[in-house]
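Engineer: Quick one: this structure, given as structure tokens, is what I'll be asking you about.
The values are calculated or read from the model by the stated rules, or taken from the named source; none is laboratory data. Nothing here was measured: the structure is a model prediction, and the numbers come from that model. Backbone-built Cβ (ideal geometry, glycine too); neighbour counts: all protein chains shown.
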Amino acid sequence: MEVVVDSLIRALVSQVVKRGGYVTKTKLLKLLYLLDVEYYRVHRRTLTGFNWKFLHLGPWAREFDPLVEQLIRSEVLVESASSKQDHETKFYSAAEPLEVSGLFPAVADEEVLYSILRIWAEASTAEILDYVYFRTEPMQRGIRNDALDFSTISSDKPERYTRPQSGTPEKEIRRARRSFQEKASQRSDSPVDFEFTAPRYDDEFARALEKLETADR
């Protein structure tokens, strides 16, 4: 039994909202990417079957937008506008919430989705983008406008990620990260078996994060 992506999206949206988080189109797309990364780590194939590529701020799939639009038209997903008049952000909820239980052919696979929810359900879009961009193997080795290579994902269980609670202002964290990336890009012993393009887009990435932080809510 294969997982139907429509049901996967419905369950993902349902559970994020249930846990007190919000869902925008960008956040939903990145959550599906993270789910595919961790599912691939176990099964050596993605769950959604999407053709992921490095576009703009990170992973994007051509199949995503038409699918979300179809789910809205069929009233599986409910779209609502931001409460701030100067923002065009849309938020999603499920017309009929769906539980994770029974969604996967193997109960053990439910834990992959639960692990994503535990960490990221209440996270901001900016925080998820930051992690996706800097901490996932396909993006770390990604080339702008090219397909993402999921075979770079290690089969080893990743180190448990804990969202930071340092109290340090986000702008200070971003400034430190940009400084680190600039120094890292100057290292002469960097791997040369792939074209590492992330440093070229650090400024664009930081500016976009600042916009998302104000636009999402």
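Engineer: Pairs only if they're at least six apart or on different chains, beta carbon under 9 angstrom, first in the stretch 2-21 and closer than 22 Å to N51 by Cβ, second surrounded by fewer than 21 Cβ atoms within 10 Å (Cβ to Cβ) and aromatic (F, W, Y); list them, first residue then second.
Structural biologist: Between residues of the stretch 2-21 that are closer than 22 Å to N51 by Cβ and residues that are surrounded by fewer than 21 Cβ atoms within 10 Å (Cβ to Cβ) and aromatic (F, W, Y), the close pairs are V3/F104; V5/F50.
Engineer: Of all residues being farther than 17 Å from V107 by Cα and β-branched (V, I, T) in the stretch 9-45, which is farthest from the chain's Cα centre (by Cα)? Just the residue, please.
Structural biologist: V17
Engineer: How many residues does the stretch 4-49 hold that are buried (at least 17 other Cβ atoms within 10 Å of the Cβ), charged (D, E, K, R) and over 22 Å from I72 (Cα atoms)?
Structural biologist: Qualifying residue count, the stretch 4-49: 3.
Engineer: Please determine whether any residue of the stretch 153-160 is at pLDDT 95 or above, surrounded by 15 or more Cβ atoms within 10 Å (Cβ to Cβ) and under 14 Å from L34 (Cα atoms).
Structural biologist: Checking the stretch 153-160: at least one residue is at pLDDT 95 or above, surrounded by 15 or more Cβ atoms within 10 Å (Cβ to Cβ) and under 14 Å from L34 (Cα atoms).
Engineer: Restricting the search to the stretch 45-68, which residues are free of Cβ contacts under 8 Å to residues at least 60 places away in the same chain and of a type in the set (V, I, T)?
Structural biologist: T48, V68
Engineer: Looking at (1) closer than 20 Å to D156 by Cβ; (2) modelled with pLDDT of 95 or more, find the lone condition where F134 falls short.
Structural biologist: Checking F134 against (1) closer than 20 Å to D156 by Cβ; (2) modelled with pLDDT of 95 or more, the one that fails is (2).
Engineer: So V78 passes all but one of these: (1) surrounded by fewer than 15 Cβ atoms within 10 Å (Cβ to Cβ); (2) touching a Phe, Trp or Tyr at 6+ places or on another chain (Cβ under 9 Å); (3) over 25 Å from G20 (Cβ atoms); (4) without any contact (Cβ under 8 Å) to a residue 40 or more places away in the chain. Which condition number does it fail?
Structural biologist: The one condition V78 does not meet is (3).
Engineer: Further question: From the residues in the stretch 102-119 that are at pLDDT 90 or above and farther than 15 Å from L34 by Cβ, which one is nearest to the chain's Cα centre (by Cα)?
Structural biologist: Checked the stretch 102-119; the qualifying residue nearest to the chain's Cα centre (by Cα) is E110.
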